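Undergrad: Take this structure first; my questions come after.
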Amino acid sequence: MSDELKKGLEGVLVAESGLSYIDGDEGRLVYRGYTIEDLARGASYEEVLYLLWHGELPTETELDEFAGDMAAERAVDDDVIDTVRDLAAADEVPMAAVRTAVSELSAFDADADGEEPTDREANLAKGKRLTAKLPTVIAAFTRLRDGEEPVEPREDLSHAGNFLYMLNGEVPDDVMEEVFDQALVLHADHGLNASTFSAMVTSSTLADLHSAVTSAIGTLSGSLHGGANQNVMEMLKEVDESGKDPVQWVEDALDNGDRVAGFGHRVYNVKDPRAKILSEQSEELGEAAGDTKWYEMSVAIEEYMQEEKGLAPNVDFYSATTYYQMGIPTDIYTPIFAMSRVGGWIAHVLEQYEDNRLIRPRARYVGPKDQTFTLIDERE
Ligand SMILES: CC(C)(COP(=O)(O)OP(=O)(O)OC[C@H]1O[C@@H](n2cnc3c(N)ncnc32)[C@H](O)[C@@H]1OP(=O)(O)O)[C@@H](O)C(=O)NCCC(=O)NCCS
(Lines give C-alpha, C1' and ligand atoms only; values in the text may rest on other atoms or scores of the structure.)
Protein backbone atom coordinates (compact mmCIF):
# COMPACT_ATOMS: atom_id res chain seq x y z
CA MET A 1 0.00 0.00 0.00
CA SER A 2 1.54 3.33 -1.12
CA ASP A 3 1.85 6.08 1.46
CA GLU A 4 2.27 8.82 -1.14
CA LEU A 5 -0.26 11.57 -0.43
CA LYS A 6 -2.10 12.96 -3.48
CA LYS A 7 -3.97 16.01 -2.21
CA GLY A 8 -7.10 16.68 -4.23
CA LEU A 9 -6.50 13.27 -5.90
CA GLU A 10 -4.53 15.18 -8.53
CA GLY A 11 -3.46 12.87 -11.35
CA VAL A 12 -4.72 9.74 -9.59
CA LEU A 13 -6.29 7.15 -11.92
CA VAL A 14 -9.32 5.58 -10.22
CA ALA A 15 -11.37 4.08 -13.05
CA GLU A 16 -11.53 3.12 -16.71
CA SER A 17 -14.12 5.04 -18.70
CA GLY A 18 -15.22 5.03 -22.34
CA LEU A 19 -17.04 8.35 -22.06
CA SER A 20 -14.86 11.44 -22.47
CA TYR A 21 -11.18 11.99 -23.19
CA ILE A 22 -9.38 15.22 -22.31
CA ASP A 23 -5.96 16.22 -23.63
CA GLY A 24 -5.05 19.09 -21.31
CA ASP A 25 -1.89 20.06 -23.23
CA GLU A 26 -3.51 20.19 -26.65
CA GLY A 27 -6.86 21.56 -25.44
CA ARG A 28 -8.82 18.63 -26.83
CA LEU A 29 -12.08 17.12 -25.58
CA VAL A 30 -13.86 14.16 -27.15
CA TYR A 31 -17.00 12.27 -26.15
CA ARG A 32 -16.70 8.60 -27.16
CA GLY A 33 -14.13 9.53 -29.81
CA TYR A 34 -16.03 12.45 -31.39
CA THR A 35 -14.53 15.94 -30.99
CA ILE A 36 -16.47 18.49 -29.00
CA GLU A 37 -16.26 20.86 -31.99
CA ASP A 38 -18.01 18.35 -34.30
CA LEU A 39 -20.63 17.51 -31.70
CA ALA A 40 -21.37 21.15 -30.81
CA ARG A 41 -21.72 22.02 -34.50
CA GLY A 42 -23.57 18.94 -35.71
CA ALA A 43 -25.37 17.14 -32.88
CA SER A 44 -28.24 18.10 -30.58
CA TYR A 45 -28.09 17.60 -26.81
CA GLU A 46 -30.49 14.65 -27.16
CA GLU A 47 -28.11 13.01 -29.68
CA VAL A 48 -25.18 13.51 -27.33
CA LEU A 49 -27.13 11.95 -24.47
CA TYR A 50 -27.88 8.92 -26.63
CA LEU A 51 -24.19 8.71 -27.55
CA LEU A 52 -23.08 8.88 -23.91
CA TRP A 53 -25.66 6.41 -22.59
CA HIS A 54 -25.72 3.90 -25.48
CA GLY A 55 -22.14 4.13 -26.76
CA GLU A 56 -22.90 5.14 -30.34
CA LEU A 57 -24.59 7.90 -32.30
CA PRO A 58 -28.28 7.21 -32.93
CA THR A 59 -29.88 6.70 -36.32
CA GLU A 60 -32.70 9.10 -37.13
CA THR A 61 -35.32 6.55 -36.02
CA GLU A 62 -33.46 5.82 -32.78
CA LEU A 63 -33.13 9.52 -32.04
CA ASP A 64 -36.82 10.21 -32.74
CA GLU A 65 -37.84 7.48 -30.34
CA PHE A 66 -35.32 8.49 -27.66
CA ALA A 67 -36.09 12.22 -27.85
CA GLY A 68 -39.85 11.53 -28.00
CA ASP A 69 -39.68 9.33 -24.88
CA MET A 70 -37.79 12.03 -23.04
CA ALA A 71 -40.12 14.82 -24.15
CA ALA A 72 -43.08 12.79 -22.81
CA GLU A 73 -41.43 12.80 -19.36
CA ARG A 74 -41.08 16.59 -18.97
CA ALA A 75 -44.07 17.23 -16.71
CA VAL A 76 -43.36 17.20 -12.97
CA ASP A 77 -45.76 16.01 -10.28
CA ASP A 78 -47.76 18.80 -8.56
CA ASP A 79 -46.26 17.87 -5.17
CA VAL A 80 -42.76 18.61 -6.49
CA ILE A 81 -43.97 21.94 -7.92
CA ASP A 82 -45.47 22.74 -4.50
CA THR A 83 -42.07 22.09 -2.91
CA VAL A 84 -40.42 24.31 -5.51
CA ARG A 85 -43.05 27.00 -4.75
CA ASP A 86 -42.23 26.82 -1.02
CA LEU A 87 -38.49 26.98 -1.70
CA ALA A 88 -38.92 30.01 -3.96
CA ALA A 89 -41.05 31.73 -1.30
CA ALA A 90 -38.32 31.00 1.27
CA ASP A 91 -35.68 32.62 -1.01
CA GLU A 92 -33.74 29.35 -1.24
CA VAL A 93 -30.65 29.60 -3.44
CA PRO A 94 -31.34 27.99 -6.85
CA MET A 95 -28.85 25.10 -6.63
CA ALA A 96 -30.17 24.09 -3.20
CA ALA A 97 -33.74 24.26 -4.51
CA VAL A 98 -32.83 22.07 -7.49
CA ARG A 99 -31.04 19.58 -5.22
CA THR A 100 -34.08 19.29 -2.95
CA ALA A 101 -36.52 18.92 -5.87
CA VAL A 102 -34.40 16.25 -7.57
CA SER A 103 -34.26 14.30 -4.35
CA GLU A 104 -38.07 14.50 -4.11
CA LEU A 105 -38.49 13.35 -7.75
CA SER A 106 -37.48 9.84 -6.67
CA ALA A 107 -40.73 9.58 -4.67
CA PHE A 108 -42.67 9.83 -7.95
CA ASP A 109 -40.41 7.73 -10.17
CA ALA A 110 -42.01 4.51 -11.41
CA ASP A 111 -38.67 2.67 -11.34
CA ALA A 112 -37.41 4.03 -8.03
CA ASP A 113 -38.88 1.21 -5.93
CA GLY A 114 -38.37 -2.49 -6.10
CA GLU A 115 -35.65 -2.52 -8.77
CA GLU A 116 -32.03 -3.41 -8.06
CA PRO A 117 -30.14 -0.06 -7.98
CA THR A 118 -27.82 -1.46 -10.65
CA ASP A 119 -30.57 -2.50 -13.12
CA ARG A 120 -29.44 -0.90 -16.41
CA GLU A 121 -32.87 -0.73 -18.06
CA ALA A 122 -34.49 0.78 -14.96
CA ASN A 123 -31.62 3.29 -14.70
CA LEU A 124 -31.96 4.31 -18.35
CA ALA A 125 -35.67 4.94 -17.75
CA LYS A 126 -34.92 6.86 -14.54
CA GLY A 127 -32.14 8.76 -16.32
CA LYS A 128 -34.51 9.88 -19.09
CA ARG A 129 -37.05 11.08 -16.53
CA LEU A 130 -34.50 12.93 -14.42
CA THR A 131 -32.93 14.62 -17.44
CA ALA A 132 -36.36 15.54 -18.85
CA LYS A 133 -37.70 16.91 -15.56
CA LEU A 134 -34.67 18.89 -14.38
CA PRO A 135 -35.32 21.80 -16.81
CA THR A 136 -38.98 21.90 -15.70
CA VAL A 137 -37.92 22.24 -12.06
CA ILE A 138 -35.34 24.95 -12.85
CA ALA A 139 -37.71 27.00 -15.01
CA ALA A 140 -40.55 26.69 -12.47
CA PHE A 141 -38.29 27.79 -9.61
CA THR A 142 -36.98 30.77 -11.56
CA ARG A 143 -40.46 31.97 -12.55
CA LEU A 144 -41.98 31.43 -9.10
CA ARG A 145 -39.29 33.35 -7.27
CA ASP A 146 -39.72 36.15 -9.85
CA GLY A 147 -43.44 36.27 -9.00
CA GLU A 148 -44.71 34.39 -12.07
CA GLU A 149 -46.52 31.07 -12.47
CA PRO A 150 -44.67 28.08 -14.01
CA VAL A 151 -45.18 27.40 -17.70
CA GLU A 152 -46.15 23.80 -18.57
CA PRO A 153 -43.60 21.98 -20.73
CA ARG A 154 -44.33 21.30 -24.41
CA GLU A 155 -43.52 17.96 -26.04
CA ASP A 156 -43.12 19.36 -29.55
CA LEU A 157 -40.01 21.44 -28.76
CA SER A 158 -36.40 20.31 -28.42
CA HIS A 159 -34.85 19.88 -24.96
CA ALA A 160 -33.10 23.26 -25.35
CA GLY A 161 -36.05 25.03 -26.97
CA ASN A 162 -38.54 23.76 -24.39
CA PHE A 163 -36.39 24.99 -21.49
CA LEU A 164 -36.19 28.51 -22.91
CA TYR A 165 -39.93 28.37 -23.58
CA MET A 166 -40.69 27.34 -19.98
CA LEU A 167 -38.32 30.01 -18.68
CA ASN A 168 -39.59 32.96 -20.73
CA GLY A 169 -43.11 31.86 -21.71
CA GLU A 170 -42.18 32.33 -25.39
CA VAL A 171 -40.85 29.90 -27.97
CA PRO A 172 -37.21 30.98 -28.61
CA ASP A 173 -36.01 31.93 -32.08
CA ASP A 174 -33.76 29.48 -33.93
CA VAL A 175 -30.54 31.30 -33.03
CA MET A 176 -31.27 31.28 -29.28
CA GLU A 177 -32.33 27.62 -29.38
CA GLU A 178 -29.18 26.65 -31.28
CA VAL A 179 -26.80 28.61 -29.02
CA PHE A 180 -28.39 27.11 -25.93
CA ASP A 181 -28.37 23.59 -27.38
CA GLN A 182 -24.64 23.97 -28.13
CA ALA A 183 -24.01 25.12 -24.56
CA LEU A 184 -25.78 21.99 -23.29
CA VAL A 185 -23.67 19.78 -25.59
CA LEU A 186 -20.45 21.47 -24.38
CA HIS A 187 -21.24 20.87 -20.69
CA ALA A 188 -22.56 17.30 -20.97
CA ASP A 189 -19.48 15.40 -19.81
CA HIS A 190 -15.93 16.10 -18.68
CA GLY A 191 -14.08 13.10 -17.31
CA LEU A 192 -13.96 12.63 -13.55
CA ASN A 193 -14.67 16.22 -12.54
CA ALA A 194 -15.65 16.70 -8.88
CA SER A 195 -19.44 16.36 -9.30
CA THR A 196 -19.14 13.31 -11.55
CA PHE A 197 -16.76 11.69 -9.09
CA SER A 198 -19.21 12.48 -6.32
CA ALA A 199 -21.97 10.67 -8.27
CA MET A 200 -19.60 7.72 -8.74
CA VAL A 201 -18.72 7.56 -5.03
CA THR A 202 -22.40 7.54 -4.10
CA SER A 203 -23.29 4.86 -6.66
CA SER A 204 -20.28 2.75 -5.65
CA THR A 205 -22.04 2.08 -2.32
CA LEU A 206 -24.94 0.68 -4.43
CA ALA A 207 -27.07 3.69 -3.55
CA ASP A 208 -29.60 4.54 -6.28
CA LEU A 209 -29.39 6.92 -9.25
CA HIS A 210 -31.43 9.71 -7.62
CA SER A 211 -29.06 9.67 -4.63
CA ALA A 212 -26.04 9.84 -6.96
CA VAL A 213 -27.47 12.80 -8.91
CA THR A 214 -28.47 14.58 -5.69
CA SER A 215 -24.88 14.22 -4.39
CA ALA A 216 -23.54 15.51 -7.70
CA ILE A 217 -25.76 18.61 -7.67
CA GLY A 218 -24.47 19.52 -4.21
CA THR A 219 -20.90 19.08 -5.40
CA LEU A 220 -21.42 21.12 -8.56
CA SER A 221 -22.76 24.09 -6.62
CA GLY A 222 -19.38 25.18 -5.17
CA SER A 223 -17.48 28.20 -6.51
CA LEU A 224 -14.41 26.13 -7.49
CA HIS A 225 -16.64 24.01 -9.78
CA GLY A 226 -20.02 24.85 -11.37
CA GLY A 227 -20.62 27.91 -9.24
CA ALA A 228 -17.87 29.73 -11.15
CA ASN A 229 -20.09 30.70 -14.13
CA GLN A 230 -22.35 32.83 -11.93
CA ASN A 231 -19.30 34.36 -10.24
CA VAL A 232 -17.81 35.29 -13.63
CA MET A 233 -20.87 37.35 -14.55
CA GLU A 234 -21.05 38.97 -11.14
CA MET A 235 -17.39 39.92 -11.50
CA LEU A 236 -17.91 41.39 -15.00
CA LYS A 237 -20.89 43.41 -13.77
CA GLU A 238 -18.79 44.68 -10.85
CA VAL A 239 -15.98 45.66 -13.23
CA ASP A 240 -18.51 47.50 -15.40
CA GLU A 241 -20.07 49.32 -12.46
CA SER A 242 -16.66 50.29 -11.03
CA GLY A 243 -15.92 52.26 -14.20
CA LYS A 244 -12.33 50.93 -13.92
CA ASP A 245 -10.31 49.52 -16.77
CA PRO A 246 -11.01 45.72 -16.67
CA VAL A 247 -7.30 44.87 -16.60
CA GLN A 248 -6.72 47.27 -13.69
CA TRP A 249 -9.69 45.76 -11.85
CA VAL A 250 -8.31 42.23 -12.26
CA GLU A 251 -4.80 43.33 -11.27
CA ASP A 252 -6.21 44.83 -8.06
CA ALA A 253 -8.21 41.68 -7.35
CA LEU A 254 -5.11 39.50 -7.78
CA ASP A 255 -3.04 41.87 -5.59
CA ASN A 256 -5.75 41.40 -3.01
CA GLY A 257 -5.14 37.62 -3.17
CA ASP A 258 -8.49 36.92 -4.87
CA ARG A 259 -9.04 34.27 -7.54
CA VAL A 260 -10.43 35.33 -10.88
CA ALA A 261 -13.48 33.21 -11.61
CA GLY A 262 -13.44 31.40 -14.96
CA PHE A 263 -9.64 30.93 -15.11
CA GLY A 264 -7.44 27.95 -14.40
CA HIS A 265 -8.24 24.28 -14.56
CA ARG A 266 -7.01 21.09 -12.94
CA VAL A 267 -6.69 19.35 -16.31
CA TYR A 268 -6.12 22.01 -19.02
CA ASN A 269 -2.81 23.83 -19.37
CA VAL A 270 -4.12 25.72 -22.41
CA LYS A 271 -7.43 27.33 -23.34
CA ASP A 272 -10.35 25.01 -22.68
CA PRO A 273 -11.76 23.96 -26.10
CA ARG A 274 -15.27 24.61 -24.80
CA ALA A 275 -14.28 28.20 -23.94
CA LYS A 276 -13.11 28.66 -27.55
CA ILE A 277 -16.55 27.73 -28.90
CA LEU A 278 -18.40 29.73 -26.26
CA SER A 279 -16.25 32.82 -26.87
CA GLU A 280 -17.40 32.74 -30.51
CA GLN A 281 -21.02 32.46 -29.34
CA SER A 282 -20.55 35.34 -26.94
CA GLU A 283 -19.04 37.52 -29.67
CA GLU A 284 -21.81 36.67 -32.17
CA LEU A 285 -24.58 37.39 -29.66
CA GLY A 286 -22.94 40.75 -28.84
CA GLU A 287 -22.65 41.65 -32.51
CA ALA A 288 -26.27 40.67 -33.16
CA ALA A 289 -27.39 42.93 -30.29
CA GLY A 290 -25.07 45.74 -31.48
CA ASP A 291 -23.16 45.77 -28.17
CA THR A 292 -19.93 43.81 -27.78
CA LYS A 293 -19.06 45.39 -24.41
CA TRP A 294 -19.11 42.14 -22.43
CA TYR A 295 -17.16 40.25 -25.04
CA GLU A 296 -14.48 42.95 -25.29
CA MET A 297 -14.16 43.14 -21.52
CA SER A 298 -13.75 39.36 -21.39
CA VAL A 299 -11.08 39.35 -24.10
CA ALA A 300 -9.08 42.07 -22.29
CA ILE A 301 -9.18 40.03 -19.06
CA GLU A 302 -8.29 36.82 -20.93
CA GLU A 303 -5.23 38.41 -22.55
CA TYR A 304 -4.02 39.81 -19.24
CA MET A 305 -4.53 36.55 -17.31
CA GLN A 306 -2.78 34.57 -20.01
CA GLU A 307 0.23 36.90 -20.31
CA GLU A 308 0.69 37.81 -16.66
CA LYS A 309 -0.46 34.66 -14.88
CA GLY A 310 -0.22 31.96 -17.53
CA LEU A 311 -3.84 31.07 -16.76
CA ALA A 312 -6.29 30.35 -19.58
CA PRO A 313 -10.07 30.67 -19.46
CA ASN A 314 -12.16 27.62 -18.66
CA VAL A 315 -15.71 26.76 -19.82
CA ASP A 316 -17.31 29.10 -17.29
CA PHE A 317 -15.61 32.26 -18.48
CA TYR A 318 -17.48 32.62 -21.76
CA SER A 319 -20.64 30.70 -20.88
CA ALA A 320 -21.37 33.54 -18.46
CA THR A 321 -21.60 36.30 -21.08
CA THR A 322 -23.29 33.94 -23.54
CA TYR A 323 -26.13 33.28 -21.06
CA TYR A 324 -26.23 36.92 -19.98
CA GLN A 325 -26.73 38.12 -23.52
CA MET A 326 -29.53 35.56 -23.89
CA GLY A 327 -31.31 37.29 -21.00
CA ILE A 328 -30.95 34.34 -18.60
CA PRO A 329 -30.87 35.36 -14.89
CA THR A 330 -27.33 35.13 -13.50
CA ASP A 331 -28.13 32.89 -10.55
CA ILE A 332 -29.47 30.07 -12.70
CA TYR A 333 -26.28 29.61 -14.72
CA THR A 334 -25.15 26.84 -12.36
CA PRO A 335 -28.53 25.03 -12.42
CA ILE A 336 -28.23 25.16 -16.24
CA PHE A 337 -24.81 23.52 -15.91
CA ALA A 338 -26.53 20.78 -13.84
CA MET A 339 -29.26 20.45 -16.46
CA SER A 340 -26.60 19.50 -19.00
CA ARG A 341 -24.09 17.60 -16.83
CA VAL A 342 -26.83 15.32 -15.51
CA GLY A 343 -26.33 13.41 -18.79
CA GLY A 344 -22.67 12.80 -17.94
CA TRP A 345 -23.41 11.93 -14.30
CA ILE A 346 -25.91 9.28 -15.39
CA ALA A 347 -23.49 7.85 -17.98
CA HIS A 348 -20.72 7.52 -15.38
CA VAL A 349 -23.08 5.96 -12.83
CA LEU A 350 -24.11 3.38 -15.47
CA GLU A 351 -20.41 2.60 -16.01
CA GLN A 352 -19.80 2.43 -12.26
CA TYR A 353 -22.62 -0.08 -11.71
CA GLU A 354 -21.34 -2.26 -14.56
CA ASP A 355 -17.96 -2.76 -12.93
CA ASN A 356 -18.50 -1.67 -9.36
CA ARG A 357 -16.01 -1.57 -6.55
CA LEU A 358 -16.71 0.50 -3.43
CA ILE A 359 -14.74 3.78 -3.61
CA ARG A 360 -13.03 4.15 -0.30
CA PRO A 361 -9.63 5.91 -0.09
CA ARG A 362 -7.53 6.53 3.01
CA ALA A 363 -6.24 9.55 4.91
CA ARG A 364 -2.86 9.77 6.57
CA TYR A 365 -3.62 10.09 10.27
CA VAL A 366 -1.85 13.10 11.80
CA GLY A 367 -3.90 13.39 15.00
CA PRO A 368 -2.76 12.39 18.51
CA LYS A 369 -2.35 8.72 19.47
CA ASP A 370 -2.52 7.00 22.87
CA GLN A 371 -4.47 9.65 24.84
CA THR A 372 -5.73 8.78 28.30
CA PHE A 373 -9.53 8.97 28.54
CA THR A 374 -11.19 10.69 31.52
CA LEU A 375 -14.91 10.75 32.36
CA ILE A 376 -16.66 14.10 31.68
CA ASP A 377 -17.02 15.10 35.35
CA GLU A 378 -13.29 14.56 35.87
CA ARG A 379 -12.25 16.78 32.94
CA GLU A 380 -10.88 20.29 33.58
C1 LIG B 1 -10.30 25.42 -11.19
C2 LIG B 1 -9.31 25.48 -10.05
C3 LIG B 1 -10.06 25.15 -8.74
C4 LIG B 1 -8.21 24.45 -10.28
O5 LIG B 1 -7.45 24.45 -9.15
P6 LIG B 1 -6.18 23.53 -8.84
O7 LIG B 1 -5.90 22.56 -9.91
O8 LIG B 1 -6.41 22.97 -7.48
O9 LIG B 1 -5.02 24.57 -8.85
P10 LIG B 1 -4.57 25.44 -7.61
O11 LIG B 1 -5.75 25.94 -6.86
O12 LIG B 1 -3.57 24.64 -6.85
O13 LIG B 1 -3.88 26.65 -8.36
C14 LIG B 1 -2.56 26.63 -8.89
C15 LIG B 1 -1.99 28.03 -8.86
O16 LIG B 1 -2.70 28.85 -9.80
C17 LIG B 1 -3.34 29.94 -9.15
N18 LIG B 1 -4.68 30.04 -9.68
C19 LIG B 1 -5.43 29.03 -10.18
N20 LIG B 1 -6.60 29.51 -10.62
C21 LIG B 1 -6.59 30.83 -10.39
C22 LIG B 1 -7.52 31.85 -10.63
N23 LIG B 1 -8.71 31.59 -11.19
N24 LIG B 1 -7.21 33.11 -10.28
C25 LIG B 1 -6.02 33.38 -9.72
N26 LIG B 1 -5.08 32.45 -9.49
C27 LIG B 1 -5.38 31.18 -9.79
C28 LIG B 1 -3.41 29.53 -7.67
O29 LIG B 1 -3.43 30.64 -6.82
C30 LIG B 1 -2.15 28.74 -7.53
O31 LIG B 1 -1.07 29.62 -7.41
P32 LIG B 1 0.11 29.34 -6.35
O33 LIG B 1 0.71 28.03 -6.79
O34 LIG B 1 0.98 30.52 -6.52
O35 LIG B 1 -0.59 29.27 -5.04
C36 LIG B 1 -8.70 26.91 -9.96
O37 LIG B 1 -8.05 27.23 -11.16
C38 LIG B 1 -9.72 27.99 -9.61
O39 LIG B 1 -9.98 28.23 -8.42
N40 LIG B 1 -10.31 28.66 -10.64
C41 LIG B 1 -11.34 29.65 -10.40
C42 LIG B 1 -12.69 28.98 -10.22
C43 LIG B 1 -13.19 28.40 -11.52
O44 LIG B 1 -13.19 29.05 -12.55
N45 LIG B 1 -13.67 27.15 -11.45
C46 LIG B 1 -14.28 26.49 -12.60
C47 LIG B 1 -13.41 25.40 -13.12
S48 LIG B 1 -14.08 24.70 -14.60
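The values are calculated or read from the model by the stated rules, or taken from the named source; none is laboratory data. This structure is a prediction, so every number in the text was calculated from the model and none was measured. Virtual Cβ from ideal backbone geometry, glycine too; neighbours counted across all protein chains shown. Just the protein is used for accessible areas: all its heavy atoms, side chains included, with ligands, DNA and RNA removed. Shrake-Rupley method; radii C 1.70, N 1.55, O 1.52, S 1.80 Å.
Undergrad: DSSP loop (so not H, G, I, E, B), at most 13 other Cβ within 10 Å: list which chymotrypsin sites (Phe, Trp or Tyr not before Pro) in region 294-367 pass both filters. Before the final figure, lay out the partial values.
TA: Values: sites: 294, 295, 304, 317, 318, 323, 324, 333, 337, 345, 353, 365; in loops: 365.
Answer in residue order: 365.
Undergrad: Give the residue list of GluC sites (Glu not before Pro) in region 102-187 that are DSSP loop and have at most 10 other beta-carbon atoms within 10 angstrom.
TA: Sparse-neighbourhood loop GluC sites (Glu not before Pro): 170.
Undergrad: In addition: Please identify, among 93, 48, 349, the residue showing maximal mean-square fluctuation in a Gaussian network model of the chain using a 10 angstrom Cα cutoff.
TA: 93
Undergrad: Let me ask another. Select from 288, 319, 298 the residue farthest towards the positive end of the dipole of region 228-325; place +1 on Cβ of Lys and Arg, -1 on Cβ of Asp and Glu, and compute about the Cα centre.
TA: Result: 319.
Undergrad: Over the chain, what is the relative contact order in percent, taking alpha-carbon pairs closer than 8 angstrom and at least six residues apart?
TA: 22
Undergrad: Pull out the extension gain between residue 255 and residue 306, defined as 0.36 nm times the separation in residues minus the alpha carbon to alpha carbon distance; nm, one decimal.
TA: 16.7 nm
Undergrad: With charges only on Cβ, +1 for K and R and -1 for D and E, what is the dipole size of the chain about its Cα centre, in debye, rounded to 20?
TA: Roughly 1340 debye, rounded to the nearest 20.
Undergrad: Net charge near residue 27, counting Lys/Arg +1 and Asp/Glu -1 over other residues with Cβ under 10 Å of its Cβ?
TA: It works out to a net charge of 0.
Undergrad: Are any of the pairs 6/126; 7/128; 6/309; 6/271; 133/309; 271/293 more than 31 Å apart by Cα-Cα distance, and if so, which?
TA: In this structure, 6/126; 7/128; 133/309 lie more than 31 Å apart at Cα.
Undergrad: Kindly point out which whole DSSP H helices in the chain project their C-alpha atoms 30 angstrom or further along the helix axis while averaging a Kyte-Doolittle hydropathy of -0.5 or above.
TA: Helices passing the filter in the chain: 120-145, 333-354.
Undergrad: Also, I was wondering about something else. Taking N as the number of residues in the chain, what value does Rg over Cα atoms divided by 2.2 N^0.38 Å take? Don't jump to the answer; show the numbers that get you there.
TA: Details: Rg = 21.8 Å, N = 380, 2.2 N^0.38 = 21.0 Å.
The reported ratio for this selection is 1.04.
Undergrad: I've got another one for you. Residues of the chain: accessible area per residue at 1.4 Å, in Å²?
TA: Numbers: 18560 Å² over 380 residues.
Value returned for the chain: 49 Å² of accessible area per residue.
Undergrad: Quick one: pull the percent of accessible area on the chain belonging to carbon and sulfur, 1.4 Å probe, ligands and nucleic acids left out. Numbers along the way, then the final one.
TA: On the way: 8270 of 18560 Å².
After summing per-atom areas, the C and S share lands at 45 percent.
Undergrad: With +1 assigned to the C-beta of every Lys and Arg and -1 to the C-beta of every Asp and Glu, and no other charges, what is the dipole magnitude of region 228-325 about the Cα centre in debye, to the nearest 20?
TA: Dipole about the Cα centre, nearest 20: 460 debye.
Undergrad: Using 0.36 nm times the number of residues separating residue 372 and residue 69, minus their current alpha carbon distance, what extension gain do you get?
TA: Stretched out fully, the residue 372 to residue 69 stretch lengthens by 102.8 nm.
Undergrad: Scan region 1-106 for trypsin sites (Lys or Arg not before Pro) in coil per DSSP, keeping those whose Cβ has at most 11 other Cβ atoms within 10 Å, and list them by number. Write out the running numbers ahead of the final one.
TA: Numbers: sites: 6, 7, 28, 32, 41, 74, 85, 99; in loops: 6, 32, 74.
Those that pass, being in a loop and sparsely packed, are 6.
Undergrad: Return the calculated 222 nm mean residue ellipticity for the chain, to the nearest 500 deg cm²/dmol, obtained by summing -39500 (n - 2.57) across DSSP H runs with n ≥ 4 and dividing by the residue count.
TA: Calculated mean residue ellipticity at 222 nm is -18000 deg cm²/dmol.
Undergrad: Let me ask something else. Using just the C-alpha positions of region 228-325 as equal point scatterers, what log10 of I(q)/I(0) does the Debye formula give at each q in 0.12, 0.25 1/Å?
TA: At q = 0.12, 0.25 Å⁻¹ the computed log10 ratios are -0.33, -1.48.
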